[in-house]
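Colleague: Mind looking over this structure? Questions follow.
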4 protein chains.
Amino acid sequence: MIYFQCDYAEGCHPRILERLTETNLEQTPGYGMDPHCERARNLIRLACGDENADVHFLVGGTQANTTVIASILRPHQGALCADTGHINCHETGAIEATGHKVLPLPNTDGTITGDQVRAYCRAHWDDSSHEHTVQPGLVYISYPTESGTLYTKQQLLDLRAACREWELPLFIDGARLGYGLTSPACDITLPELASLCDVFYIGGTKCGALFGEAVVITGAALKRDFRYAIKQHGGMLAKGRLLGIQFETLFEDGLYFEICKQAVDYALEIRRAFEARGIPMFGTSATNQQFAILTAEQQAAFAGQFASEYWGDAGDGRSIVRFCTSWATTRENVDALLKVINTL
Amino acid sequence: MIYFQCDYAEGCHPRILERLTETNLEQTPGYGMDPHCERARNLIRLACGDENADVHFLVGGTQANTTVIASILRPHQGALCADTGHINCHETGAIEATGHKVLPLPNTDGTITGDQVRAYCRAHWDDSSHEHTVQPGLVYISYPTESGTLYTKQQLLDLRAACREWELPLFIDGARLGYGLTSPACDITLPELASLCDVFYIGGTKCGALFGEAVVITGAALKRDFRYAIKQHGGMLAKGRLLGIQFETLFEDGLYFEICKQAVDYALEIRRAFEARGIPMFGTSATNQQFAILTAEQQAAFAGQFASEYWGDAGDGRSIVRFCTSWATTRENVDALLKVINTL
Amino acid sequence: MIYFQCDYAEGCHPRILERLTETNLEQTPGYGMDPHCERARNLIRLACGDENADVHFLVGGTQANTTVIASILRPHQGALCADTGHINCHETGAIEATGHKVLPLPNTDGTITGDQVRAYCRAHWDDSSHEHTVQPGLVYISYPTESGTLYTKQQLLDLRAACREWELPLFIDGARLGYGLTSPACDITLPELASLCDVFYIGGTKCGALFGEAVVITGAALKRDFRYAIKQHGGMLAKGRLLGIQFETLFEDGLYFEICKQAVDYALEIRRAFEARGIPMFGTSATNQQFAILTAEQQAAFAGQFASEYWGDAGDGRSIVRFCTSWATTRENVDALLKVINTL
Amino acid sequence: MIYFQCDYAEGCHPRILERLTETNLEQTPGYGMDPHCERARNLIRLACGDENADVHFLVGGTQANTTVIASILRPHQGALCADTGHINCHETGAIEATGHKVLPLPNTDGTITGDQVRAYCRAHWDDSSHEHTVQPGLVYISYPTESGTLYTKQQLLDLRAACREWELPLFIDGARLGYGLTSPACDITLPELASLCDVFYIGGTKCGALFGEAVVITGAALKRDFRYAIKQHGGMLAKGRLLGIQFETLFEDGLYFEICKQAVDYALEIRRAFEARGIPMFGTSATNQQFAILTAEQQAAFAGQFASEYWGDAGDGRSIVRFCTSWATTRENVDALLKVINTL
């Protein structure tokens, strides 16, 4: 069975394991205060073009989302996001468990707009009984989105403008950031992204690391006491260096971008193959997740040999099926998949 | 600088890194549903002598404590524990962050007794206004305790009896379980421990793994929906197999116990060396943490060469200083330390 | 200015103030343990036809909703409700503040159906990754709904059946229960309602009391420790008898139903008057809230003389405007309003 | 049976019921936006000598404490207070239910000192791992304390200084404020108290009202969005005017102070009577609660005729018994009690 089901089916890029092995018996302080974390933080600050950014390493995405959001919001505030946002759909109510309502906005291909934020805020503040409703307290978006799509620079500028108008921090979930920044459809750089929001994270788990997300806080007002938040949410790894070593490896010579780019290239090959067979795609993903709309027969062609993920009902008897590449996807496996696609 | 400061200064037992490397490119399902986790669960069930136990792998101790406790308690209930308990002192209020008061009882050398539990519960239920106070909802103890000490089997039987009398689940934090079970002072087996409580965990982070705690639920009433709790608390590792592989390695041939025993032996050598010099020890730890009561001059003898941890003021101008061994402690480093102790 | 804006513009039915005055200097125990509360509980049990029901008096609706829901759900569970449900819209995220996601279902004229509950639960449990999403843990409906409409007995039976199939408690918000049970469109009795759900409340605040809601728990599994929940949520009135005296007065001779019926009769007169002028109504309310769809000119006819409540945009340039009667509405004020309506 | 058990055994001062009756059929806006609340707010601002203070009316003490504290603290912060503090002992973990640890300090006759606050904060911030522990985020004291005692002006100035040094808001629970300010032992005025803290409340429930506490926020940084907090905690009374009318009545001509003073005078008569019989008192209360240390025989002298409250074990076979006066205590009842005391 060949997995195109998700981007976390394998371990990590081999160079990371090598580095973990080399450094294994070093003795270092715990909780992220070691030289590897310090070096990784500096490499990330450099990559982001913000030497004052605070960088923290957390273990996973749900943990990063919850820790960041709970650290920002006051109790009566909620998080605006696309209704398809990961925090709204797939985190077992982790945000609500910290006391905050997720405020979903209808998505367009996974994205929301500055004007949606403006309209929501205006309606809230124009309501003379606004204290009876949850106050919008931040905006959460994903880059790439859960649908694999990308905001344009113009869309991000507009979202940021809307956030500034209503004094809302902008938080970008970058669980798959590497696949976004290396997509041909991407029109921003990492420093631009860093400056367009107040806090974001660079996903490691799905982009070559064993696990780990690097939270980057650029907004000065959000930096205070973040290490308490990490500890309280169970995210302060005793052997914090494990995260430092991984991000050091990924960022010291561009490995992060190199391996993600490869995955995106493969994914777009797969997309083009489906399109060449006249098979409709769900959404316009230009990253490592591709969503084909398949009949039951077409799905059967993959059965037994390839694992993919059922994504939903296309509404016409067909299904939306996700095919995912990753840093670990091989040429050989892509070719095997293309071979089947070409028979559809 | 040689670290005796804590038991998480190094990476992991080399065999674990070998296994992670060997399995690195295997493709497996995520979130703990892979064959490595399944095998590790079975090995742990076997070691615990409870084939019906539920076994879950979490990343760290604070996360394990919070997830277990929040999953058990109703909103008006709290967790009884020693005032020195980790959940009361060193988790940034993680339990309170899930809505529950920690109910501390005065400790004796790190432990609490069945009679303390009985007295607390009786006072609560005898109070005609008991609904104005937090209801005790579970008992949390650590084995070994935060002071390195061990409950005797008799003490555990009595605690269990008290818990049964008042219908309280008993939860054992086993962050350093390996160092407890392999101590010469230990008079219980792992199966006995498993049967004496309703839920406990087998610490990996401090006992040879890169990270990870294996939560073992033996009480039937506590098993339901625990995976939701893990996900909600940000503890469901996408690449769950990383935990499975580690616990597989530690439990397939007794490695866990072997490496912990060595650390305890070293720690007791260090204790005896202090005692031989007439230096008083804080508490009666028979595990891998030893607490010496040192003057400023005595502390100076270690400075620059050895890292230890300041544990508190002994009240007479002297300090309590923790020396910790671990699975990674070497004969050579112990000898170097003993050499200094012998000069005190 | 004459208020038809809401049903809490006045104090309370005069007989309640008389009783508060008569009993004012009686000395009674606090926190709801006094003879007035006891008598009120018995009167309510009698009215509900359930001598084993637990009855608790709380101060307000948001408090009642939060206390009941937080007491029932486990941390990973959420509350299914209509998207128009009060807990979803107008309680400043009070449910989320206790850690639980509200799971909104599209409403039809303020109601949801058993089949919507079934479909949601089936989708949840059929999802192999269901632990990544919030588990439905109870169903919340309002009777009457926030739109003034009523579930039929058949609809309630079906909802209850769906709840039983999926083991979900059914909770009915009865903030305006009196106006529902006395509507000509109502086809159930109070005992039927009590037996159709697991917990509900009898609204006092909007139905003749100064304040207060009587929570009635009929489901045995939900009774345990509810007084702790009340206290924890700040709902345990020191002078609990204030609530007991009010509900005693409302339930000892049918006053509750008598005064609510009058309000509903007036509201339906108002509805018919609008309809007679060809003015469309929003929804099919048969209770004390009526929603007229008015042009700006029509609204102007009421300005300065009558207070009503803007309810939303009708989408065609017109507005939905709520006119509310209450136990305190006078014949004279209704006549004055009808006079204006008849000129539209 | 004559109650000296608590200060909430009766309804309210008769003038309040008269005013509620007079205003009963007035139509006013809800949620505290009516003219009665506005006038009461102004009267309270005047009495506090702070025309910029924000004044909000809440229903009860636990609600007021929870709403204020949850509104101030960030998630990783806790509330420093005396171990005898109401929030630590008698609110069913309401503070913890909002996610915050209560940080108890040993009390002296119900009070804590500025130096205790300083020492706690210094220890916290000096700890290099301070993010592993709960950060002190505010100081909560009660005036009078739960033991009936009063801070001197000097003590309050010192507490405020400590709070300023460590940037902690100071919150004063004034559930029995009237009995404090009218005690002969009191050396501050209401305006002084208002200026010595950042937020406090003027208790109504125990001081002549049916129910209600007036939260006064003097610290500018704490004012923002407090109405959201009230609504979220279920404390926004639909008929908010009920609170406005009560505080109007209590503050328009000094009724609040007049009736509390009387209660304190009676309480001190009772204290002196005990002392005259050589009966030791627990603590130095100079307010409306008096705690006598009685043998079983002495207690028997009151049985059947007087209700008092068991407060705890005096440790020598005797019991601490609370006798409480209130605004409603009559000369006649005091005389009856004195008669028994004089026989002891």
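Colleague: Roughly what would the spin-label model give for B:CYS89 and C:HIS124, points 7 Å off Cα along C-beta, in nm?
Modeller: According to this spin-label approximation, the distance is 4.1 nm.
Colleague: Hey, can you find the accessible area per residue of chain A for me, probe 1.4 Å, expressed in square angstrom? Write down the numbers at each step before the final one.
Modeller: Values: 11330 Å² over 344 residues.
Heavy-atom accessible area per residue stands at 33 Å².
Colleague: Under a point-charge model restricted to the Cβ atoms of Lys and Arg (+1) and Asp and Glu (-1), what is the dipole moment magnitude of the stretch A:257-344 relative to its Cα centre, in debye to the nearest 20? Show your work: numbers first, answer last.
Modeller: Details: 8 positive and 10 negative charges, 19 e Å.
I would put it at about 100 debye.
Colleague: Now for a different question. If you average the C-alpha positions of the stretch C:172-189 and of the stretch B:267-284 separately, how far apart do those two centres end up, in angstrom?
Modeller: Cα centroid of the stretch C:172-189 versus Cα centroid of the stretch B:267-284: 76 Å apart.
Colleague: Suppose R0 equals 25 Å; then what is the FRET efficiency for C:GLU165 and C:ALA221 from their Cβ-Cβ distance, rounded to the nearest 0.05?
Modeller: Working: r = 17 Å, r/R0 = 0.66.
The formula returns an efficiency of 0.90 here.
Colleague: Just how far, in whole angstrom, is the stretch C:35-55 from the stretch A:1-60 if you go by their alpha carbon centroids?
Modeller: 63
Colleague: Testing the spin-label approximation: label points 7 Å from Cα along Cα→Cβ at A:ASP109 and C:ALA185. State their distance in nm.
Modeller: Inter-label distance under the simple model: 4.4 nm.
Colleague: Sequence gap at least 6, Cα distance under 8 Å: using those rules, report the relative contact order of chain D to the nearest whole percent.
Modeller: Values: 671 pairs, mean separation 85.2, N = 344.
That works out to 25 percent.
Colleague: Continuing with this model, one more query. Can you work out ³J(HN,Hα) from phi for every residue in the stretch C:161-177, in order, using Karplus 6.51 cos²θ - 1.76 cosθ + 1.60 and θ = phi - 60°, giving whole Hz and x for Gly and Pro?
Modeller: 4, 4, 4, 4, 4, 9, 6, 10, x, 10, 10, 10, 7, x, 3, 10, 4
Colleague: Quick one: which residues, 5+ away or cross-chain, put their amide H under 5 Å from the amide H of A:TYR201? H built at 1.01 Å from N.
Modeller: A:ILE172, A:GLY174, A:VAL216
Colleague: On the rotation axis linking copies A and D, which residue of A comes nearest by its Cβ, and by how many whole Å?
Modeller: Checking which Cβ lies nearest the axis yields A:GLY99, 3.
Colleague: For the pair B and A, how large is the buried accessible area, both sides, in square angstrom to the nearest 100, if the probe is 1.4 Å? The partial results should precede the final answer.
Modeller: Working: alone 14750 and 14740 Å², together 25620 Å².
Chains B and A together bury roughly 3900 Å² of accessible area.
Colleague: Quick one: if you stick a label point 7 Å off each Cα along the C-beta vector at B:GLU26 and D:ARG277, how many nm between them?
Modeller: With each label point 7 Å from Cα toward Cβ, the separation is 8.0 nm.
Colleague: Taking each pair of distinct Cα atoms in the stretch C:248-344 once, what is the resulting Kirkwood hydrodynamic radius in Å? Working shown, then result.
Modeller: Numbers: mean 1/r = 0.0712 Å⁻¹.
Across the stretch C:248-344, the inverse of the average 1/r is 14.0 Å.
Colleague: For the cross-link pairs A:LYS239/B:LYS231; B:LYS231/B:LYS261; B:LYS223/D:LYS101, which exceed 31 Å when the distance is taken from alpha carbon to alpha carbon?
Modeller: B:LYS231/B:LYS261
Colleague: Once you treat every alpha carbon in the stretch A:1-121 as an equal point and sum by Debye, what is log10 I(q)/I(0) at q = 0.15, 0.16, 0.18 Å⁻¹?
Modeller: -1.01, -1.08, -1.16
Colleague: Now, a different point. Under 1.5 on a/c is rounded, so check that first for the protein assembly as shown, then, if it is not, pick prolate when a/b is larger than b/c and oblate when it is not; a ≥ b ≥ c are the square roots of the alpha carbon gyration tensor eigenvalues. Kindly include the intermediate steps, with their values, before the conclusion.
Modeller: Values: a/c = 1.93, a/b = 1.20, b/c = 1.61.
Oblate.
Colleague: What residues of the stretch B:115-161 lose no less than 20 Å² of accessible area with every protein chain in place versus their chain by itself (probe 1.4 Å, heavy atoms only)?
Modeller: For the stretch B:115-161, once contacts with the other chains are taken into account, B:GLU131, B:HIS132, B:THR133, B:VAL134, B:GLN135 lose 20 Å² or more.
Colleague: Still on this structure, please answer the following. How many percent of the accessible area of the stretch C:164-275 is carbon or sulfur, using a 1.4 Å probe? Please list the in-between numbers first.
Modeller: Values: 1500 of 2940 Å².
Carbon and sulfur atoms account for 51 percent of the accessible area of the stretch C:164-275.
Colleague: Relative to the compact globular guide of 2.2 N^0.38 Å, what is the alpha carbon radius of gyration of the stretch D:98-219, as a ratio? Don't skip to the answer; put the middle values down first.
Modeller: Working: Rg = 15.0 Å, N = 122, 2.2 N^0.38 = 13.7 Å.
My calculation over the Cα atoms of the stretch D:98-219 gives 1.10.
Colleague: Of C:GLY203, C:GLY317, C:GLY148, which is the most mobile in a GNM of chain C whose springs link Cα atoms less than 10 angstrom apart?
Modeller: Among C:GLY203, C:GLY317, C:GLY148, the largest mean-square fluctuation in the Gaussian network model of chain C belongs to C:GLY317.
Colleague: Taking all protein chains as present, what is the carbon and sulfur share of the accessible area of the stretch C:91-145, in % to the nearest whole number, probe 1.4 Å? Could the numbers behind the result be given before it?
Modeller: Details: 850 of 1650 Å².
Looking at the stretch C:91-145 in its full context, I get 51 percent from C and S.
Colleague: Report the one residue of B:PHE306, B:VAL340, B:ILE279 whose Cα lies farthest in the direction of the positive end of the charge dipole of the stretch B:223-344 (charges on C-beta: Lys and Arg +1, Asp and Glu -1; origin at the Cα centre).
Modeller: Comparing the listed Cα positions along the dipole, B:PHE306 ranks first.
Colleague: Let me ask something else. Using a 1.4 angstrom probe on protein heavy atoms only, which residues from the stretch A:76-95 are buried by at least 10 Å² of accessible area when all chains are present rather than their own chain alone?
Modeller: Residues losing area: A:HIS76, A:ASN88, A:CYS89, A:HIS90, A:THR92, A:GLY93, A:ALA94.
Colleague: Can you work out the Karplus-derived ³J(HN,Hα) for every residue in the stretch C:112-120? Use 6.51 cos²θ - 1.76 cosθ + 1.60 with θ = phi - 60°, whole Hz, and x for glycine or proline.
Modeller: 10, 10, x, 5, 5, 5, 4, 5, 5
Colleague: For chain B, modelled as a Gaussian network with Cα springs under 10 Å, which listed residue fluctuates most, B:THR249, B:THR133, B:THR205?
Modeller: So, out of B:THR249, B:THR133, B:THR205, the one fluctuating most is B:THR133.
Colleague: Based on Cβ point charges of +1 for Lys and Arg and -1 for Asp and Glu, what charge dipole magnitude is obtained for the stretch A:242-283 about its Cα centre, in debye rounded to the nearest 20?
Modeller: 400
Colleague: Still on this model: What aspartates and glutamates could a cross-link reach from C:LYS153, if we take a straight Cα to Cα line under 19 Å and drop same-chain neighbours fewer than 8 places away?
Modeller: Filter leaves C:ASP50, C:ASP109, C:ASP115, C:GLU165, C:ASP173, C:ASP187, C:GLU192, C:ASP198.
Colleague: Moving to a separate point now. State the antiparallel share, in %, of DSSP beta bridges confined to the protein assembly as shown, rounding to the nearest 5.
Modeller: Working: 88 of 154 bridges.
Just about 55 percent of them are antiparallel.
Colleague: Still on this structure: Quick one: Karplus J couplings for the stretch C:103-108, per residue in order, coefficients 6.51, -1.76, 1.60, θ = phi - 60°, nearest Hz, x for Gly and Pro?
Modeller: Per-residue couplings from phi come out as 10, x, 10, x, 8, 10 Hz.
Colleague: A further question follows. Taking amide H atoms as placed 1.01 Å from N in the peptide plane, list the residues 5 or more away in sequence, or in a different chain, whose amide H sits under 5 Å from that of B:GLY78.
Modeller: Under 5 Å from the amide H of B:GLY78 lie the amide H atoms of B:GLN135, B:GLY137, B:LEU138, each far enough along the sequence or on another chain.
Colleague: Over chain D, with a Gaussian network built from C-alpha contacts below 10 Å, which listed residue (D:SER308, D:SER183, D:SER128) shows the highest mean-square fluctuation?
Modeller: Largest GNM mean-square fluctuation: D:SER128.
Colleague: For the stretch C:265-304, what does the alpha-carbon gyration tensor say about shape, rounded, prolate or oblate, given a ≥ b ≥ c as the root eigenvalues, a/c under 1.5 as rounded, and a/b over b/c as prolate? Could you put the intermediate results ahead of the total?
Modeller: Values: a/c = 1.90, a/b = 1.63, b/c = 1.17.
Note, shape of the stretch C:265-304 comes out prolate.
Colleague: Hey, can you list the residues from the stretch C:1-24 whose accessible area shrinks by 10 Å² or more with all protein chains present, relative to the chain by itself (probe 1.4 Å, no ligands or nucleic acids)?
Modeller: Those residues are C:TYR3, C:TYR8, C:ALA9, C:GLU10, C:GLY11, C:CYS12, C:PRO14, C:LEU17, C:LEU20, C:THR21, C:ASN24.
Colleague: Of the GluC sites (Glu not before Pro) in the stretch C:1-87, which ones lie in a loop per DSSP and count no more than 12 other C-beta atoms within 10 Å? Kindly include the intermediate steps, with their values, before the conclusion.
Modeller: On the way: sites: C:GLU10, C:GLU18, C:GLU22, C:GLU26, C:GLU38, C:GLU51; in loops: C:GLU10, C:GLU26, C:GLU51.
The qualifying sites are C:GLU51.
Colleague: Across the Cα atoms of chain C, what radius of gyration and what greatest pairwise Cα-Cα distance (Dmax) are found, in Å?
Modeller: Cα only, chain C: 20.4, 63 Å (Rg, Dmax).
Colleague: What residues have an amide H closer than 5 Å to that of C:SER142, excluding those fewer than 5 places away on the same chain, when H is modeled at 1.01 Å from N in the peptide plane?
Modeller: C:ASP173
The values are calculated or read from the model by the stated rules, or taken from the named source; none is laboratory data. Keep in mind that what you see is a predicted model, and the values were worked out from it rather than measured. When we count neighbours, we look across all protein chains shown, and the Cβ atoms used for this are built from the backbone with ideal geometry, even at glycine. Only protein heavy atoms, including side chains, enter the accessible area calculation; ligands, DNA and RNA are left aside. Shrake-Rupley method; radii C 1.70, N 1.55, O 1.52, S 1.80 Å.
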